[in-house]
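Working notes, beginning with the structure itself.
The values are calculated or read from the model by the stated rules, or taken from the named source; none is laboratory data. These numbers were taken from a predicted model, which means no experiment stands behind them. Note that we place each Cβ from the backbone using ideal geometry, even for glycine, and neighbour counts take in every protein chain shown. Ligands, DNA and RNA are stripped out before the accessible areas are found, and what is left, the full protein with its side chains, is counted by its heavy atoms. Shrake-Rupley method; radii C 1.70, N 1.55, O 1.52, S 1.80 Å.
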Amino acid sequence: MDKDCYKFVVGQDDFTYIFISEGVKGKIAKGVLISPLPAASVYPFSSVYNLGFGDFVNFDRKWIIDDSVRSGNGDMPKVIATVARIAMDFLTKNPDSVLSFEGYMDEKSALHGRNHRNVLYQRAINSNWAELSEEFRFWGVQEGKFEEYSVGTHYDQILVGRL
Amino acid sequence: MKTQMEKEETREAMLEELLQHREKMFEIIRNSPALRKRNEAAAASLARLPRPFPWEKEKSEKKSDQ
């Protein structure tokens, strides 16, 4: 997973990350936020976090994070590999946690009935499966049901924890 | 009217300025309404799934074995 990633910076809180994509459109700053999901009272030991990310976009002279934008910087595989690396970094520091990630369902994805970003996440996972599956455990959600992650199956939501 | 190239130069200059203030960037991420919304959507998706989740079941079984 280290093969083609951007360097990233971690915030002091360990839940925020920044990296810079460099491609055909120049530099684009990306922000990643890992935030806790509410725990069920019967399973208080279950720490599930969501990973979200987007571009820093200047809107009306104010910087915001836009997670719906298609950057078009020609480096999507490298961006996804970096986000995956960030997820691994978080799970290494928080080994009892589980991370959930689900790509933004944009118009194009909705039209094709398939979450394009999830396809890219899964491509990154599948192409590094031998290495990743030694350290991490993956689950996929399909049609409202959990299953052990299986390479080649498309999932609506992906969850990962340390072995 | 600014040309596309001028707009791009302005954007790059503003970005370089932003990159000088890392803490501000982290704050923007933490306070992002879009990412908060994404978190809420993920929470709603998980809430629809039957508990226990696979890892909860395993942890629960491990605890009862101890």
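Observations, loosely collected:
- Residue list for segment B:17-48, restricted to those being farther than 14 Å from A:Ile18 by Cβ and surrounded by fewer than 11 Cβ atoms within 10 Å (Cβ to Cβ): B:Glu17, B:Pro33, B:Ala44, B:Arg48
- Pairs where the first residue, in segment A:48-75, is farther than 24 Å from A:Met88 by Cα and the second is open to solvent by less than 10 Å² (accessible area, probe 1.4 Å) and in a loop (DSSP other than H, G, I, E, B), C-beta under 9 Å, 6+ apart: A:Ile64/B:Ser32
- Residue ID - farthest from the chain's Cα centre (by Cα), chosen from residues in segment A:24-35 that are open to solvent by less than 30 Å² (accessible area, probe 1.4 Å) and not charged (D, E, K, R): A:Gly26
- From A:Tyr43, A:Tyr6, residue being modelled with pLDDT under 95, open to solvent by less than 50 Å² (accessible area, probe 1.4 Å) and part of a loop (DSSP other than H, G, I, E, B): A:Tyr43
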